[in-house]
Structures are given as C-alpha cells and as structure tokens.
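Student: I'd like to ask some things about the structure below.
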Amino acid sequence: MKGIKALIPNPIKVFLSDHECNLLSIKECRLQNIAREYCKIFAAECRVIGTFGEVLEVIPVHHMYRPANTIPHATVESDLKGVYLRYCLMDATGRLVMRTGSEAALKCCTLQHWILQWTNGNLLLTRMEGVDFKITNIGISIKSKGYQSLTITENPNVFEQFVSQHKCNYYCGLLRLRSLKTQDSLQTPAKPKCSRSPLLHRKMGSSSSPQPSRKATGSPGDQKASTARGQQSHRQAQGR
C-alpha cells in the first residue's frame, strides 16, 4: 500500500503557483532522503553491536506530479500502519521537544546525537515522526547557511538548545558517542573535511591504519649482500 500526501492544503493552494508547489515538494523529498542516507550508515554501525536491537529506518519519499488534480504536486511514501507518534518536533516558539519514553524515541535521540557528530555539529534532525522504528516527516536544521547546498534557513539556536538538553542514553553508550557537553566534542575543523562516522573515527584513531608504521626495508638482494659482507668481516676478524 502506498500513501499519497498532498503537499499544499487547498486553502493555501490559491496563493502558490504550480512552480512554487513543485519546489516545495522537491525540497521535502530531498530533506527526507538526505536523512535516510545518514540513517542507513547509522543503522549499519548499530547492527555491528549485538545488543542494540532493532534499528531505525527513515522511509523514502518520492515526488509525484498529477496534472489532472487540483493539487498536482504531491509526495508519495509507504503507508505506515500502527500508532503514529511524534518523537521530536519544534513548537510554535522554536523550542525543540523530544520524547524519551520508548525504545524508538531513545534511538531517535541517539540518531540526532550521532548525525550531529558526523557532520561536525552542522546538521541536526529537528522533526521525526512515525510508527515504531519507521521514521518519516523529517525536519532538518543547519547551523550555517548553505551547508551541503541546502536552501533552508540556518538556525544555530536550536543546536545550542539540543546540546544543553540532550542526555546521553543507553544507546549513545553502546555507540560510545562523545558527550556533547565537552567543549571540543563538536569543534569544527579549520579546513573542510569529509564527514566521518564517530564510530569509525574511534576505531581508526588518529592514524589511517591500525597497524604501526614500519620503516621500508631493502630488496632481498640487498639483504643478501649485506649478510655476505657481515660474514666476511667476521672471518677477517677471526684470522687476525
């Protein structure tokens, strides 16, 4: 079963052109599918941990154009069956409100923490809804304008709020995520670098290889010549 969600309600449609509706629909799809790609990496790391349990999935959203409909531009996604919950949202004052009363809600908080560290403190999920571990209706905030070429308005205040109110839970501990309260946990590098998973960074450490570096050795022929010279010097010393 597929559910179709009209992007623009009828009372508002008269104020927006089809082009504007199309842009809003594409924007919604892009934001959710960006979150979906992050969540895929997050889920892969969680599956390595045997005690983590069921992992989150951000379901995909697709754009649909229906020229014969009064609202031609819409988004289409899987129909979620069950109790629909809001795990995270922003209220009318811009304050972040998060649920923590269920396993899925706690894992949503962990996903927020993980993505914040992955992006060096530049991207935060500020709206997550869904049924059990299936997440949809994603909202994203960015700390600085133009991050990942996103055309959404930057909102640095919500980042400060999340850092101050987030409490690491059991699942943050399983992933060994750094506390957001430490001063340098989200320090942005001086030069832009590709985002790296906090878990991968912890495993790799500061070097690119877990093995200690070794000095280059000579060729086998050089080693044999060196051994022969050593034996000759030893015989000469015995003959003196």
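Only the coordinates and a few stated rules stand behind these numbers; no lab work does. Predicted, not measured: the structure shown is a model, and the values here were computed from it.
Student: Below 8 Å, C-alpha to C-alpha, sequence gap of six or more: please give me the relative contact order for region 66-179 in percent.
Tutor: Numbers: 145 pairs, mean separation 25.4, N = 114.
Relative contact order for region 66-179 comes out at 22 percent.
Student: Past the 27 Å Cα-Cα mark, which pairs from Lys143/Lys167; Lys81/Lys143; Lys134/Lys181; Lys40/Lys81; Lys27/Lys81?
Tutor: Beyond 27 Å between Cα atoms: Lys81/Lys143; Lys134/Lys181.
Student: Over region 90-141, what relative contact order in percent results from Cα pairs under 8 Å that are six or more residues apart?
Tutor: That works out to 24 percent.
Student: From the phi of every residue in region 44-55, what ³J(HN,Hα) in whole Hz does the Karplus formula 6.51 cos²θ - 1.76 cosθ + 1.60 yield, where θ is phi - 60° and glycine or proline is x?
Tutor: Going residue by residue, I get 4, 6, 5, 5, 5, 8, x, 8, 6, x, 5, 9 Hz, with x marking Gly and Pro.
Student: Here's a follow-up. So if each residue of separation counts as 0.36 nm, and I subtract the Cα-Cα distance between Ile49 and Val76, what length gain in nm does that give?
Tutor: Here the answer is 6.4 nm.
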